[in-house]
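First the structure, in the form of structure tokens, and then the observations on it.
The values are calculated or read from the model by the stated rules, or taken from the named source; none is laboratory data. This structure is a prediction, so every number in the text was calculated from the model and none was measured. Neighbour counts run over all protein chains shown; Cβ positions are idealised from the backbone, glycine included.
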Amino acid sequence: MIYIIGSGIAGLSAAIALRRAGYDVTVITKELHGGSSYVSKGGIAAATAIDDSPQMHAEDTLRVGDGLCDVEAVRYFTSEAPVIIEELIRMGFEFDKDLRLEGGHFRRRVHHKTDETGRVLTEFLLKEAVGLGVNIVEDELMALQIGDGVIRGFVTRERGLISNVDYLVLAMGGYAYLWQYTSNPSTNTGDGVAIALRAGAVVSDMEFVQFHPTITTLGGETMLLTETLRGEGARIVNELGERFAFNYHERGELAPRDVLSRAIYMELMNGHRVYMDLSDIEDFDRKFPGVSDFLGRHGLSNKDRVPIYPGAHFTIGGLRVNVRGETNIKGLYAIGEVADTGLHGANRLASNSLLEALVMGFNLPRYLSEPWDGPRLDDGLLVTIKLRDNGPLMSIDEVRRVNWEYVGILRSGEGLRKAVDLYERVNMAVSTKESNAALVSYLTAYAALLRTESRGTHYRVDYPGKDINWQKRIYFRVSP
Ligand code: SIN
């Protein structure tokens with residue numbers, strides 16, 4: 001039996017592939033329709049157009065990744081991308097015919113299903129997995145059991161200890177819910193990263209949190225306004241109608257999302273209001289039925305300006321793995337957003353995350369019989385931390401407030417120090433949602449404090465430039 005923790009696109013693709021390869025598979029999920037996959041809007045980046053190539057896709061990924069991409073990972077995922085699209089089509093998934101454009105891409109290469117790719121694809125994969133006999137149960141991972149650097153078992157809330165485990169696949173998503181303003185559902189609080197870290201896994205790139213520039217909340221309902229809207233002609237304006245994004249980047253609304261997030265944040269901080277103007281998009285209701293329904297529910301249409309703000313969207317950091325998903329603990333795999341392959345570097349190219357999740361999931365069985373390789377820790381900075389095992393817990397709301405205020409879009413040494421001090425008073429050794437949230441936030445703040453430069457998604461007002469000495473990763477592990 002192989003156990004997979006998490007039922008998003010990464011977990012379900014692994015379940016399908018492993019089942020097809022003849023394994024018995026159980027997926028354990030905290031919430032079947034929780035997680036980012038289900039609400040993700042854009043699509044899957046893959047160079048399939050005649051004027052495009054995996055090489056060009058790789059170049060866009062590397063440029064946006066700002067010097068910290070793992071080049072081998074970039075080559076692997078961009079060349080596997082067309083194969084995975086082909087596989088989904090072979091399975092019967094019907095993409096829309098047009099390819100869409102998103103920020104940072106120089107070609108139209110986003111494969112999508114209207115503006116609801118994540119929901120439609122998750123439901124498609126779920127049906128396929130159930131049809132193949134994958135067992136899916138609701139429960140929650142609490143701890144891992146490791147012996148001599150090898151996975152032996154794990155503990156769940158309902159089932160207690162499950163032992164004699166040869167392989168465990170973590171597909172538990174990231175932790176971008178832990179910022180007050182976010183596109184993420186409340187399930188994304190970093191449990192996977194925190195639980196595996198406590199058990200001895202190495203994590204990396206925790207300072208790189210991607211903020212999405214265009215989120216809206218109407219009548220208490222939050223929605224990500226997908227970047228593909230801007231690819232189809234949506235404009236970002238302030239209350240005066242000025243397209244201020246061009247003051248920050250020559251590509252204006254199609255600038256990489258870190259630049260645009262900062263631009264919108266600064267505009268809001270300077271007392272302006274910021275809107276998305278959708279009125280130039282032709283055939284809007286057919287192309288974007290999800291956004292159209294959402295606006296309709298709140299008495300608006302694409303002829304109205306929609307108020308927007310930036311918020312946390314994707315956590316680049318996570319459990320350090322190679323492209324196969326192997327962590328430094330033998331038998332323990334991590335795939336999707338919980339993992340960090342180095343594909344995204346310091347900043348993720350739009351629609352590369354569903355791609356990464358699908359490739360890692362579908363390709364997993366081909367590596368199971370090969371000798372364990374584990375991730376390469378290049379000559380970055382490896383920090384060993386000791387976890388405080390007493391003291392109070394911090395509520396999730398408080399964590400979200402601290403992160404937004406001190407570990408947000410614009411960071412400073414002073415603010416980051418405050419966040420680190422606050423987290424160091426908290427009990428981060430117990431396996432609770434609050435403790436997990438504090439632990440991943442602590443590492444994010446700590447890495448951001450150490451990184452005295454600005455690169456990719458990480459922007460320090462006190463170090464606004466890039467520093468070649470920091471062209472390296474920060475790794476963390478806990479002291480045994
Ligand atoms: C979006 O549709 O803007 C989000 C896509 C992504 O995060 O890759």
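Odds and ends about this structure:
- Listed conditions (1) at pLDDT 95 or above; (2) within 16 Å of the ligand (Cβ to nearest atom); (3) among the hydrophobic types (A, V, I, L, M, F, W, C); (4) under 25 Å from residue 117 (Cα atoms) are all met by residue 245, apart from (4).
- In segment 454-468, the qualifying residues are those that are more than 16 Å from residue 261 (Cα to Cα) and without any contact (Cβ under 8 Å) to a residue 60 or more places away in the chain, and the one that is surrounded by the most Cβ atoms within 10 Å (Cβ to Cβ) is 463.
- When segment 301-335 is limited to residues that are farther than 18 Å from residue 353 by Cβ and in contact with a Leu (Cβ under 7 Å, 6 or more places away or on another chain), the one that is nearest to the ligand (Cβ to nearest atom) turns out to be 308.
- Residues of segment 222-242 that turn out to be within 16 Å of the ligand (Cβ to nearest atom) and assigned to a loop (DSSP other than H, G, I, E, B), as a count: 5
- Residues satisfying the stated conditions in segment 199-221, i.e. within 15 Å of the chain's Cα centre (by Cα) and either in a loop (DSSP other than H, G, I, E, B) or more than 12 Å from the ligand (Cβ to nearest atom) (or both): 203, 204, 205, 206, 207, 208, 209
- Residue check, residue 342 modelled with pLDDT of 95 or more, touching an Asp or Glu at 6+ places or on another chain (Cβ under 7 Å), within 22 Å of residue 472 (Cα to Cα) and within 16 Å of the ligand (Cβ to nearest atom): no
- Test: residue in segment 300-307 that is crowded, with 24+ Cβ neighbours inside 10 Å, touching a helix residue (DSSP H, G or I) at 6+ places or on another chain (Cβ under 8 Å) and of a type in the set (A, V, I, L, M, F, W, C): no
- Flag for residue 138 being more than 16 Å from the ligand (Cβ to nearest atom), surrounded by fewer than 17 Cβ atoms within 10 Å (Cβ to Cβ) and touching a residue at least 12 places away in the same chain (Cβ under 8 Å): yes
- Summed over segment 368-424, the residues that are hydroxyl-bearing (Ser, Thr, Tyr), touching a Lys or Arg at 6+ places or on another chain (Cβ under 7 Å) and surrounded by fewer than 17 Cβ atoms within 10 Å (Cβ to Cβ) give a count of 2.
- Here residue 65 does not qualify as at pLDDT below 95 and under 27 Å from residue 229 (Cβ atoms).
- Residue, farthest from residue 319 (Cα to Cα), within segment 172-195, restricted to residues that are outside any loop (DSSP other than H, G, I, E, B) and among the small types (Gly, Ala, Ser): 176
- Strands (runs of 3 or more DSSP E) completely within segment 47-156 that count 3 or more residues being of a type in the set (A, V, I, L, M): 141-147, 150-156
- Entry remark, segment 436-453: residues being surrounded by 24 or more Cβ atoms within 10 Å (Cβ to Cβ) and over 21 Å from residue 348 (Cβ atoms) number 5 in total.
- Verdict on residue 273 being more than 22 Å from residue 40 (Cα to Cα), more than 14 Å from the ligand (Cβ to nearest atom) and touching a Lys or Arg at 6+ places or on another chain (Cβ under 8 Å): no
- Residue count for segment 3-43 under the criterion of being away from the ligand (no atom under 16 Å from the Cβ) and part of a loop (DSSP other than H, G, I, E, B): the result is 11.
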